[in-house]
Amino acid sequence: MASPEEPSEGSGQPGDPRRATDEPAPAATSTKEPDKKKRKGPIAFLGELPVLLLIAFLLALLIKTFLVQAFYIPSGSMEPTLNIGDRVLVNKVVSHFHPPRRGDIIVFSDPHPSVESHRNPLSAFLHWLTEGLGVRTSPDKDFIKRVIGLPGEVVEMHRCVVYINGRPLSEPYLKGLTFNNCEYGPITVKPDSLFVMGDNRDFSDDSRFQLGLIPYKKVIGRAFITIWPPSRIHLLHGL
């Protein structure tokens, strides 16, 4: 006896789960839309680039103004701790929490500034930017020295040894160095002022000479690390 004929696939008989449906077959996925997105990606990034640069620039301004600033070392007054051409980062926040401490390496503005020539806005901006990035530092405007004497203390030098209130000051950062200019003082440090010296004592214009005492209000911040050149990257320690 012949077996009943099995319905072929797509016969459309009711109840057959394999029957063809009237729904249209899904269209093939188009590759045009992703391609457009890929093409739009770089263009969109270029369109956003000016905004990103502006945000980065504003952040740099805020950091430079209130937090950290780079400074270029223009002279050898702090050798061998800092060499000509070194760049350091200066913490501008720390002075708001406590006054400078003995041994700190600080950057400060000229306590006896001369009248500066007028700059046009563009020149003034470029000057401010290059100094803020540590590209250059005017040796006649900003100085970097080490804090030696604090307010109310008596500072003097005898036979190349610094004395604070009659007691010799230990200065490990001068190990192995010899100097000729070794006599000074005594002098009493005024209130809210600092007595500063360069580590290279024979070649440093500091509180012993024209700079005199440095008022607190002239202190920009404390140098805490050398960042350039790479071979000289190191933290700067006090006493």
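Inspect the stretch 56-68 for any residue being small (Gly, Ala, Ser), open to solvent by 30 Å² or more (accessible area, probe 1.4 Å), modelled with pLDDT under 75 and under 20 Å from the mean Cα position of the chain (by Cα) and give the result as yes or no.
Narrowing the stretch 56-68 to residues small (Gly, Ala, Ser): 56, 60.
Filter again for open to solvent by 30 Å² or more (accessible area, probe 1.4 Å), leaving 56, 60.
Still in the list and also modelled with pLDDT under 75: 56, 60.
Narrowing further to those that are under 20 Å from the mean Cα position of the chain (by Cα): 56, 60.
Yes, the stretch 56-68 contains a residue that is small (Gly, Ala, Ser), open to solvent by 30 Å² or more (accessible area, probe 1.4 Å), modelled with pLDDT under 75 and under 20 Å from the mean Cα position of the chain (by Cα).
Being open to solvent by less than 40 Å² (accessible area, probe 1.4 Å) and in contact with a Leu (Cβ under 9 Å, 6 or more places away or on another chain) is the filter; apply it to the stretch 205-214 and report the residue that is nearest to residue 180 (Cα to Cα). Taking the candidates together, the pick is 207.
Against the conditions (1) outside any loop (DSSP other than H, G, I, E, B); (2) open to solvent by 80 Å² or more (accessible area, probe 1.4 Å), residue 239 satisfies every one except (1). Sub-6 Å Cβ pairs linking a first residue in the stretch 208-232 that is part of a helix (DSSP H, G or I) to a second residue that is open to solvent by 60 Å² or more (accessible area, probe 1.4 Å), at least 6 apart or interchain, are 216/192, ordered by first then second residue.
Keeping to the stretch 180-207, report how many residues are part of a strand (DSSP E or B) and either more than 16 Å from residue 101 (Cβ to Cβ) or within 21 Å of the chain's Cα centre (by Cα) (or both).
Looking only at the stretch 180-207, we keep the residues that are part of a strand (DSSP E or B), and these are 184-188, 193-197.
Cutting the leftovers down to either more than 16 Å from residue 101 (Cβ to Cβ) or within 21 Å of the chain's Cα centre (by Cα) (or both) gives us 184-188.
Counting residues in the stretch 180-207 that are part of a strand (DSSP E or B) and either more than 16 Å from residue 101 (Cβ to Cβ) or within 21 Å of the chain's Cα centre (by Cα) (or both) gives 5.
So how many residues does the stretch 68-101 have that are in contact (Cβ under 8 Å) with a residue 24 or more places away in the chain and part of a loop (DSSP other than H, G, I, E, B)?
Looking only at the stretch 68-101, we keep the residues that are in contact (Cβ under 8 Å) with a residue 24 or more places away in the chain, and these are 68-83, 85-95, 99-101.
Going one step further and asking which of them are part of a loop (DSSP other than H, G, I, E, B), we end up with 73-83, 85-86, 92-93, 99-101.
Number satisfying all stated conditions: 18.
Is it true that residue 169 is among the aliphatic types (A, V, I, L, M) and open to solvent by 40 Å² or more (accessible area, probe 1.4 Å)? Here the answer is no, as residue 169 does not meet what is asked.
Scanning the stretch 114-166 for residues that are at pLDDT below 70, surrounded by 11 or more Cβ atoms within 10 Å (Cβ to Cβ), aliphatic (A, V, I, L, M) and outside any helix (DSSP H, G or I) returns 133, 135.
The values are calculated or read from the model by the stated rules, or taken from the named source; none is laboratory data. Keep in mind the model is a prediction, meaning the values are calculated, not measured. We place every Cβ from the backbone using ideal geometry, glycine too, and count neighbours over all the protein chains shown. For the accessible areas, the whole protein counts, side chains as well, though only heavy atoms, and no ligand, DNA or RNA atoms are used. Shrake-Rupley method; radii C 1.70, N 1.55, O 1.52, S 1.80 Å.
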